[in-house]
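Have a look at the structure below before the remarks.
None of the figures in this text is laboratory data; all of them are computed from the coordinates on show. The structure presented is a predicted model; accordingly, all values stated were derived computationally and were not measured. Neighbour counts run over all protein chains shown; Cβ positions are idealised from the backbone, glycine included.
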Amino acid sequence: MTEFRPETRAVHLPQPAVEGSRPLGMPIYQSAGFAFDDPEMMGAAMGDPDGAFVYGRYTNPTVRALETAVSGLEGGAAALAAASGMGAINTVLLALLKPGDHLIAQRSLYGGTAAMINELVGRFGMTVTHVPENDPDALRAAVRPETRLVYLETISNPMALVADLPAMCATARELGVLSVVDNTFATPVLCRPLEHGADVVVHSTTKYLSGHSDVIGGIAVFADPELHGKVWHFATELGSAAEPFTSWLTLRGLQTLPLRMERHCANADFLATRLAAHPAVSAVHWPGLPSHPSYELAAKLLPAFGGVFSFDLAGGRAAGEAFMKSVRLALLAPSLGGVETRVMHPATTSHRTLDAEELARHGVGEGMVRIAAGIEHPEDLWADVAQALG
């Protein structure tokens, strides 16, 4: 390029080839688009989810590396990374549903998902039926000719109810209905829903997959490459794509996911067990406790019971607010899955858009507190929780 002027050479920087070795870390391809020598190849790439890289709204080498990695962990055929967890969920729902369709969803859902389903019902004339997450007979009874999709959460937010994925997904498949499972709380370390018959798995990669509170992202993993292609084409027009740097950060976090999940689960066990015996606590919602309604199913389905749980304080809303104002080590903060422990009040945060009837259906009480256990020393965490309880 020595024949070009400096102004031109500054724009067209050389791209060194890597030969004879490979980088230990995935490079960040911070490029909005890619140049071609062949116009036909460029045209073909714009319509092929597995084709050459052409434009960041379609995909990118760093983004695809994340998609390949998470798809491999989940045992999927292909994946689609998105700009947020809700971006992944909404991309899947909007790509697979149309006005007049019927959706079946489990009763206990993340508040953002519940709010989006309500939006679909109100805006597009869809209908929804809520069923228990472990009742295939109720699912069968709810199916209509216009039913297109069943939506489940491996471990629900915030009640930590465990879905009977083998039974529910098998029933959906038998009836010709797609099943979508949010596996954020379990991660592929604890559960791989595609192995239990799910068609699509979604994650907020903001949470455990990235694991360090510095990423907003989401991903959908597909069992069928054709279904992936259908959603990919829709996503390129929707504009929900992930970007390279956050994908790179998520790849970094992914490497320590199994180690972190082991500690998250152990700390949740430690705290939930002690809280269950505390006089200020009326109930603890964690599937590792024999008192939890999902205990037997969780023991069969999961190798560990997750790092998030909720508990109800006997003093109601006032007690919940007092607890959250009193914690010193745990952080009063949204989201979960980072290395630090967090507490929040679901009724006024994650489920704030739901009315009193909907909150009751989801099991969210005024005095409920959710804890996302981090990886700190468990005794330090308990000392903080105990002093906040008074």
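Quick rundown of the values:
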| item | result |
| --- | --- |
| Separation of the Arg9 and Thr273 label points, Cα + 7 Å toward Cβ, nm | 6.8 nm |
| Formal net charge of residues neighbouring Gly367 (Cβ-Cβ distance under 10 Å; K, R +1; D, E -1) | -2 |
| Dipole in debye (nearest 20) - the chain, about Cα centre, beta carbon charges: Lys, Arg +1; Asp, Glu -1 | 620 debye |
| Formal net charge of residues neighbouring Ala114 (Cβ-Cβ distance under 14 Å; K, R +1; D, E -1) | -4 |
| Under 18 Å from the Cα of Lys207 - aspartates and glutamates, other chains or at least 8 residues apart | Glu67, Glu74, Glu153, Asp182, Glu243, Glu262, Glu340, Glu376 |
| Sum of side-chain charges, Asn183 neighbourhood, beta-carbon under 12 Å (Lys, Arg +1; Asp, Glu -1) | -2 |
| Per-peptide average of other Cβ atoms within 10 Å, ordering 376-386, 226-236, 88-98 highest first | 88-98, 226-236, 376-386 |
| Over 33 Å [Cα-Cα, the chain], rounded percent | 34 percent |
| Within segment 14-49: backbone nitrogen closer than 19 Å to the Tyr55 label point (7 Å, Cα to C-beta) | 30-49 |
| Nearest 10 degrees, 0 to 90: helix 111-124 Cα axis against the chain principal axis | 70 degrees |
| Label-point gap, in nm, between Glu262 and Lys300 - each point 7 angstrom along Cα→Cβ | 2.8 nm |
| Computed E for Arg352/Asp48 - FRET, C-beta separation, R0 35 angstrom, nearest 0.05 | 0.25 |
| Rounded to 10°, Cα long-axis angle of helix 244-254 versus longest principal axis of the chain | 50 degrees |
